[in-house]
1. Of Arg32, Arg56, which residue is open to solvent by 80 Å² or more (accessible area, probe 1.4 Å) and at pLDDT 70 or above?
2. Condition first: crowded, with 24+ Cβ neighbours inside 10 Å and closer than 15 Å to Arg234 by Cβ. Now tell me which residues in segment 292-319 satisfy that.
3. Mind listing whichever residues of segment 268-311 are touching a residue at least 60 places away in the same chain (Cβ under 8 Å) and over 19 Å from Ser242 (Cβ atoms)?
4. Quick check on this structure: which one of Arg192, Arg213 is surrounded by 18 or more Cβ atoms within 10 Å (Cβ to Cβ) and within 23 Å of Leu270 (Cβ to Cβ)?
5. Could you count how many residues in segment 110-146 are outside any helix (DSSP H, G or I) and either within 15 Å of Val176 (Cβ to Cβ) or open to solvent by less than 50 Å² (accessible area, probe 1.4 Å) (or both)?
6. Starting from segment 147-163, take each residue that is surrounded by fewer than 17 Cβ atoms within 10 Å (Cβ to Cβ) and modelled with pLDDT of 90 or more and list its partners that are of a type in the set (A, V, I, L, M, F, W, C) and in a helix (DSSP H, G or I), counting only C-beta distances under 6 angstrom and pairs at least six apart or across chains.
7. Please verify whether Thr178 is in contact with a Ser or Thr (Cβ under 8 Å, 6 or more places away or on another chain) and either within 16 Å of Arg217 (Cα to Cα) or open to solvent by less than 50 Å² (accessible area, probe 1.4 Å) (or both), treating the condition exactly as stated.
8. Go over the candidates Gly260, Gly264 one by one and state the one that is out of contact with any His (no Cβ under 8 Å at 6 or more places or on another chain), of a type outside the set (A, V, I, L, M, F, W, C) and open to solvent by less than 70 Å² (accessible area, probe 1.4 Å).
Amino acid sequence: MSDTDTRTRTTETESSEEDVSTICPECGGQLRTEGDRNEVVCADCGLIVETDDIDRGPEWRAFDATERNQKSRVGAPRTKMMHDEGLSTNIGWQDKDAYGRALSSRQRRRMQRLRTWNERFRTRDSKERNLKQALGEIDRMASALGLPKNVRETASVIYRRALNEDLLPGRSIEGVATAALYAAARQAGTPRSLDEIATVSRVDKMELTRTYRYVVRELGLEIKPADPESYVPRFASELGLSEESERRARELLRTSQRAGIQSGKSPVGLAAAAIYAAALLTNEKVTQNEVSQVANISEVTIRNRYKELLEAAEIGVEA
């Protein structure tokens with residue numbers, strides 16, 4: 001027998017063995033690997049053909065989140081919301097050892113020096129100090145406005161881009177940070193009005209507007225116009241209105257959009273007026289003053305807009 005025939009038979013044998021290893025011995029279905037323990041399971045009948053006995057989880061058990069965090073020996077995942085992405089070491093402020101015992105005076109002085117040097121190494125240059133201050137501002141404002149984590153993450157990325165592209169000279173750190181948060185909130189579909197942003201920011205509304213336009217233009221951010229419907233759930237929740245009122249408010253806004261009366265009008269004012277009009281239609285007690293305080297707009301705007309919404313709804317019904 002020649003070497004060529006021997007190699008051919010060997011290849012055929014290996015291929016047949018490989019085909020058998022991917023076929024279920026019970027029903028002939030295809031096998032696949034799934035689960036944390038690398039179990040080989042049939043996709044058709046569910047037969048477990050092979051299992052990996054190695055337990056890849058921790059050797060300890062935890063029965064609640066607090067115990068799990070105490071026993072865990074790994075840190076949090078990387079995040080753009082911290083200037084060092086969470087990769088640095090944090091030294092706790094408590095002067096206690098791993099067993100909860102108080103440190104001696106000599107050890108306390110030593111830990112204080114370590115904290116000082118650790119803080120210096122975390123911000124090695126002016127750029128990192130700038131980033132640390134800005135991300136702290138973003139986190140503070142997002143917490144005050146009740147914005148979710150994904151908005152904070154997006155705002156941090158926008159600010160990092162502005163810093164890397166040298167958009168900060170001539171502008172304040174607080175102004176660019178506020179503009180980044182405002183843009184991130186609109187991109188995520190959880191917008192806040194300029195007045196709401198200005199109440200928690202350390203810059204005035206005019207500077208915020210100017211900086212926001214500059215950042216959006218220079219970074220080429222794609223931000224759609226704010227949809228009045230995106231404000232409705234928050235306003236309805238803060239006023240304690242029912243789902244029926246929220247649904248009617250959405251219908252009023254859609255009718256007004258088809259009628260073309262939303263052009264050139266504030267989306268916050270339209271949403272507040274729709275909420276007030278919907279409450280009237282569903283016989284729920286809410287005053288213009290209460291709606292204006294929640295939406296942070298004047299009662300005059302609500303009176304003007306809600307009449308336009310009701311007229312558009314009547315025209316839509318007649319048509």
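The values are calculated or read from the model by the stated rules, or taken from the named source; none is laboratory data. Worth saying up front: this structure is predicted, and the values here are computed from it rather than measured. As a convention, Cβ positions derive from the backbone with ideal geometry for all residues, glycine included, and neighbour counts pool all protein chains shown. Just so you know, the surface numbers come from the protein's heavy atoms only, side chains and all, with ligands and any DNA or RNA stripped out. Shrake-Rupley method; radii C 1.70, N 1.55, O 1.52, S 1.80 Å.
1. Values: Arg56 fails: at pLDDT 70 or above.
One residue alone meets the criteria, Arg32.
2. Result: Ala295, single match.
3. Applying the first criterion (touching a residue at least 60 places away in the same chain (Cβ under 8 Å)) to segment 268-311 yields 268, 295-297.
Listed by number, the residues that qualify are Val268, Asn296, Ile297.
4. Working: Arg213 fails: surrounded by 18 or more Cβ atoms within 10 Å (Cβ to Cβ).
The match here is Arg192.
5. To start, the set of residues in segment 110-146 that are outside any helix (DSSP H, G or I) comprises 123-125, 146.
Okay, now just the ones that are also either within 15 Å of Val176 (Cβ to Cβ) or open to solvent by less than 50 Å² (accessible area, probe 1.4 Å) (or both), so 123.
Residues meeting the conditions: 1.
6. Matching pairs, first to second residue: Arg161/Leu219.
7. On the way: in contact with a Ser or Thr (Cβ under 8 Å, 6 or more places away or on another chain): yes; either within 16 Å of Arg217 (Cα to Cα) or open to solvent by less than 50 Å² (accessible area, probe 1.4 Å) (or both): yes.
So Thr178 fits the description; yes.
8. On the way: Gly264 fails: open to solvent by less than 70 Å² (accessible area, probe 1.4 Å).
Unique residue meeting the criteria: Gly260.
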